[in-house]
1. How charged is the neighbourhood of B:F390? Take every other residue with its Cβ under 12 Å from the Cβ of B:F390, and add Lys/Arg as +1 and Asp/Glu as -1.
2. In terms of the Cα gyration tensor, with a ≥ b ≥ c the square roots of its eigenvalues, is segment A:35-182 rounded because a/c is under 1.5, prolate because a/b exceeds b/c, or oblate?
3. In angstroms, what radius of gyration and Dmax does chain A have, counting Cα atoms only?
4. What is the count of Lys pairs in segment B:305-416 whose alpha carbons sit under 22 Å apart, if the two are 8 or more places apart or on different chains?
5. Treating only the Cβ atoms of Lys and Arg (+1) and Asp and Glu (-1) as charged, compute the dipole magnitude of the protein assembly as shown about its Cα centre; round to the nearest 20 debye.
6. Could you tell me which of rounded, prolate or oblate describes segment B:252-390, using a ≥ b ≥ c as the square roots of the eigenvalues of the alpha-carbon gyration tensor, with rounded for a/c under 1.5 and, failing that, prolate when a/b is larger than b/c and oblate otherwise?
7. Is any helix in chain B, taking whole DSSP H runs, at least 15 angstrom long along its axis by alpha carbon and on average at least 0.0 on the Kyte-Doolittle scale, and which ones?
8. Specify the inter-centroid distance of segment B:271-292 and segment A:227-255, based on alpha-carbon positions, in whole Å.
Amino acid sequence: MREIKILAIVVFFTGVLYWGVEPFAHSQMHPHVEAPDYTFEDVDGLQGATGNAAKGAELVAANCTACHSIEKAGFPKIMDDASSAASYGVVPPDLSSSGAIYDANFLAAFIKNPAKATKTEHKYVDGKAHPMPGYEWMQPQEIADMVAYLQSIAPKEMTNKEVFTDACQRCHSIKYGDFRFDGTKSSMLAFTPDENIKTYMGTLPPDLSQYIRSRGAQYLHEFINDPQKHLHGTAMPRVGLTEEAEKQVVAYMTEVGDSKKPEREALAGPFLGYLVIFAIFAWLWKAKIWREVH
Amino acid sequence: MAKIDESLFSVEGLDKRLKIKTLNKVMMTEYWIPKDINFLWAMGVVLATTFALLVVSGIFLMMYYKPDTALAFDSVNYTIMQEVAYGWLFRHMHGVAASVVFLIIYIHMFTGIYYGSYKKGREMIWISGMLLFVTFSAAGFSGYMLPWGQMSYWAAAVITNLFAGGSLEAWGLVEWIRGGFAVNDATLTRFFMLHVFLLPLVIIKIIVIHFYTLRIPHVNNQESEDIDYDAEAEKYLAGNKKEAKVIPFWPVFLSKDFAVLGIFLIFYFYLVFFNYNFAMDPVNFDPADPMKTPAHIYPEWYFLWSYETLRGPFFDMLGMKAGDIGLIIFGFAQIAFLIIPFIDKDPDILPAHKRPRFMIWFWVMIIDLLVLTVYGKLPPTGANAWVGFFATAAFLLLFISLPFVSKADAKARGAL
């Protein structure tokens, strides 16, 4: 009985200690933020308009392809990454998958006013402007048509890596995705060269290889959905990923940064099971030995 | 030299050459431990096992780790964590054991304080144990630097900078420790040497000394009863096992240790597989960047209470700078528990439940250390700073009051 009382005291104080230095300390250092909003309620989006993909095709060809490639629709890249980064400040995205990975309302709002939709207006002051001009002068129906077109050409299925590449890799490297020991160029480095992206963002966007360990899945979801919530004033744009696309991005970051997660989870059961058996035999042996002395 | 005919490969032959039967008696079957003990007496063996886990997992990690600022982070987080077979397991085991070993050290240490197992003959056990605490702390700190993450770098910068306080600065001590003006490649390489060679060597040596110091005064028991070991051992050996107040180290004492160890290992491996962030701070998965200070810099949880005594006095007073006062208190905190045998003025060896005033002292100390630990992690602003200040003051007052508290108990009992 006495031992159980002592154990209860040890467990209690260890528990208080753990609570204090982990959940409590983290709640103080990282205030809680609201859950991600995948409807992008705040944006001036489609406003219920339904687009016509055929009309959208003409509008996109006339308004977007001067800067953007759309490999899937036969508009190849006109410059290499370094040249387009030098021209625009950042490599413009290929639009082939935009209709799939970005929320339709967000996409409409973005076309109208990119800085506003991405919540980066604080960056574009004193004569600086977002590299993509806004299209607020267009009719809402025309914008809806372009969104409908982008959705019509977008792939139905994408791998986690493809979503990451299209959504993140223009600015972020994730070198563990293709780690090179021999100094050759990894295929998972940011498309925009370091010096351009530094000028564009004000700082070098971090390599995301270990972000699943350093930030954790929940933080990543909250952050990607709206970077301003956790890091007010950050240069990182809200990119407007759909819930599904965001899940795929975080899944890819897990595959790369915590690649042994499945092995860890599979090994835990047998490992702990063995120890339980060990503990049972140890207690039985102890009981047998101590019966002789008590 | 006597000629020995018995085969080397027989018990008799080995006994003739090495006296293994005598050794077994001295170390195992006739090494007497009191019977009146509880599971807290198993913490020594739990600690020895955890240290063994650290050594074994550390050896595997060392096969791939690269102590170079350009390579360290990737060698840990890519090579070991993603590429090497079960590298992640060894790293998790190492990181979690490094943290859990301190939990057990603290339990072991406060068991000693509660039962009065540090005084009147047992001072050397206590002193060697506290030396182990200091060397384990140094090993923990040097090891934390090796992954070369943000916390590695900034904790190293902040803690080595403590050696630039007051006149220490004039001696160039901090530059000597770092091998440069800032934490750099030379710092990483020498901390690697300390972590994988010098400190483990010293720890092993002190563990041997710690075991040796136990031998003559014997382990204490739950009621701090003064046992006549020769008489009780005789009873046991005569077959009067139930009546004897002692048990042999093997198999009786160790059978209980293994049982406790079984439970401990389930807890430990649960943490290794499922709940490791407390021991492997997420911030340290960002590579070290001397140009970017993290929002919150804090040491590992086991250093927080002494770290908070450093931050506690946050304003200048008594004609001294806040930082200097903090440094002095921090310096005292490192050796505070070492001096307990000398400031406990009670002539008797008794557990806290037989020393009413000391009992209160003990639990106030535990609560104060908990408060220091929790607030040691929080940003020292607003009310937090005042909590830290008063908890630090309480810490000092507890040590100042111990001679009086212990004397008062003795007087009330009529022992003084």
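Rule-based calculations on the coordinates, nothing more; no lab input. Only a predicted model underlies this, so the values are computations on that prediction, with no experimental measurement involved. Every residue, glycine as well, gets a Cβ built from its backbone with ideal geometry; the counts of neighbours run over all protein chains shown.
1. Net local charge, B:F390 excluded: -2.
2. The shape class here is rounded.
3. Answer for chain A, Rg first and Dmax second: 25.9, 93 Å.
4. For segment B:305-416, qualifying lysine pairs total 5.
5. Here the size comes out at about 2660 debye.
6. Judged from the Cα gyration tensor, segment B:252-390 comes out oblate (a/c at least 1.5, b/c at or above a/b).
7. B:43-62, B:87-114, B:123-145, B:150-161, B:199-215, B:254-274, B:322-336, B:356-377, B:383-413
8. Spelled out, the Cα-based centre of one part sits 21 Å from the other.
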